[in-house]
Amino acid sequence: RSWFSFLAGGSSPAGLAARAHSLGQPSLALTDVNGVYGTIRFQKACRALGIHPVIGAEVWVEGAPLVLLCRSHQGYANLCRLLTGAHLRDRDRPDCRLTGLQAHAEDLFCLTGGRQGKLWQLVEHRRGQEARDWVRSLQDLFGNTLYVELSHGLQKDDSSQVDRLARLAHHCDVALVATNDVRYAAPEEYRRYDLLTCIRLGITVSAPHAQRPRNAEAYLKSQGPLRRLIP
């Protein structure tokens, strides 16, 4: 996410691109919440640094986020149609439906989402059959462009959670992808993100809240640290 996720991301598209360049990453995806508002700035920043820009969005589907990434111009058009329909139905809480995904899934990669994702929540609460049913519903829509997302934020039970997700993906014959569920470019931008979160939640910085970040780990990392944390 960038700060075009409006109080839910802590860095500019250019800052994220610069961080990716410093890590030697050849490509970077921007997946802001329910929108592609930062696309032009992101593309310009990436191309100036020789990075391949991947456009996507964190799209809320039936109350939980999926990460959709565009494979082509057709995929981008489908993503925009999904987002437009969601915003027209409810400007304050845009949400897509599975039926809408069925009509516009062509040329999109789908990641199952991080900690807020429906699959993460089902697995965390040991609702195994519902988790398998959800994965199969997404397989019916996306086929082999569906990936189970593994994100280890160095929080309690993250190791066992990603292990359960990996076993579920193997059971359902779905590929895995490791992400860091990035909210800001570098560790020093954690405080800005935390402050923005407090503003979004309408609380003071001294007030505890379950949605505030637990640590400063949600920054853009290189492959090495991610690989070491994923089974």
Looking across the stretch 203-220 at residues that are among the charged types (D, E, K, R) and in contact (Cβ under 8 Å) with a residue 60 or more places away in the chain, the single one that is surrounded by the fewest Cβ atoms within 10 Å (Cβ to Cβ) is Arg214
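Where residues in the stretch 168-185 are surrounded by 14 or more Cβ atoms within 10 Å (Cβ to Cβ) and either basic (Lys, Arg) or more than 23 Å from Leu28 (Cα to Cα) (or both), which of them is farthest from the chain's Cα centre (by Cα)?
Kept after step one, since they are surrounded by 14 or more Cβ atoms within 10 Å (Cβ to Cβ), are these residues of the stretch 168-185: 168-169, 172, 174, 176-185.
Those still in the list that are either basic (Lys, Arg) or more than 23 Å from Leu28 (Cα to Cα) (or both) too: 168-169, 172, 183.
Values: Leu168: 19, Ala169: 18, Cys172: 21, Arg183: 9 Å.
If we take residues in the stretch 168-185 being surrounded by 14 or more Cβ atoms within 10 Å (Cβ to Cβ) and either basic (Lys, Arg) or more than 23 Å from Leu28 (Cα to Cα) (or both), then Cys172 is farthest from the chain's Cα centre (by Cα).
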Sort out which residues of the stretch 61-96 are out of contact with any strand residue (DSSP E or B) (no Cβ under 7 Å at 6 or more places or on another chain) and under 25 Å from Ala131 (Cα atoms), and write them in order of number. Glu62, Gly63, Ala64, Arg93
In the stretch 186-200, what residues are in contact (Cβ under 8 Å) with a residue 60 or more places away in the chain, closer than 14 Å to Lys221 by Cα and either assigned to a helix (DSSP H, G or I) or open to solvent by 90 Å² or more (accessible area, probe 1.4 Å) (or both)? Glu189, Tyr190
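Quick check: is even one residue across the stretch 105-119 of a type in the set (S, T, N, Q) and modelled with pLDDT of 95 or more?
So in the stretch 105-119, the residues of a type in the set (S, T, N, Q) come out as 112, 116.
Narrowing the set further to residues that are modelled with pLDDT of 95 or more leaves 112.
Yes, that holds for at least one residue.
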Looking at Gly113, Gly153, which one is outside any helix (DSSP H, G or I), at positive phi, under 17 Å from the mean Cα position of the chain (by Cα) and surrounded by 14 or more Cβ atoms within 10 Å (Cβ to Cβ)? Gly113
Those residues that are closer than 21 Å to Arg212 by Cα, touching an Asp or Glu at 6+ places or on another chain (Cβ under 7 Å) and of a type in the set (Val, Ile, Thr), I need them from the stretch 137-196; list them, please. Thr179
Kindly provide the set of residues from the stretch 1-48 that are within 21 Å of Phe109 (Cα to Cα) and part of a loop (DSSP other than H, G, I, E, B), ordered by number. Arg1, Ser2, Gln25, Pro26, Asn34, Gly35, Val36, Tyr37, Gly38
If you go through the stretch 55-73 one residue at a time, do you hit one that is at pLDDT 95 or above, closer than 16 Å to Leu220 by Cα and in contact with a helix residue (DSSP H, G or I) (Cβ under 7 Å, 6 or more places away or on another chain)? no
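So, Glu130, is that one assigned to a loop (DSSP other than H, G, I, E, B), in contact with a helix residue (DSSP H, G or I) (Cβ under 8 Å, 6 or more places away or on another chain) and among the acidic types (Asp, Glu) or not?
On the way: assigned to a loop (DSSP other than H, G, I, E, B): no; in contact with a helix residue (DSSP H, G or I) (Cβ under 8 Å, 6 or more places away or on another chain): yes; among the acidic types (Asp, Glu): yes.
The answer is no for Glu130.
The values are calculated or read from the model by the stated rules, or taken from the named source; none is laboratory data. Note that the coordinates shown come from a computational prediction; the quantities given were computed from them, not determined experimentally. Cβ: placed from backbone, ideal geometry, glycine included. Neighbour counts: every protein chain shown. Note: accessible area is taken over every heavy atom of the protein model, side chains too, but ligands, DNA and RNA are not part of it. Shrake-Rupley method; radii C 1.70, N 1.55, O 1.52, S 1.80 Å.
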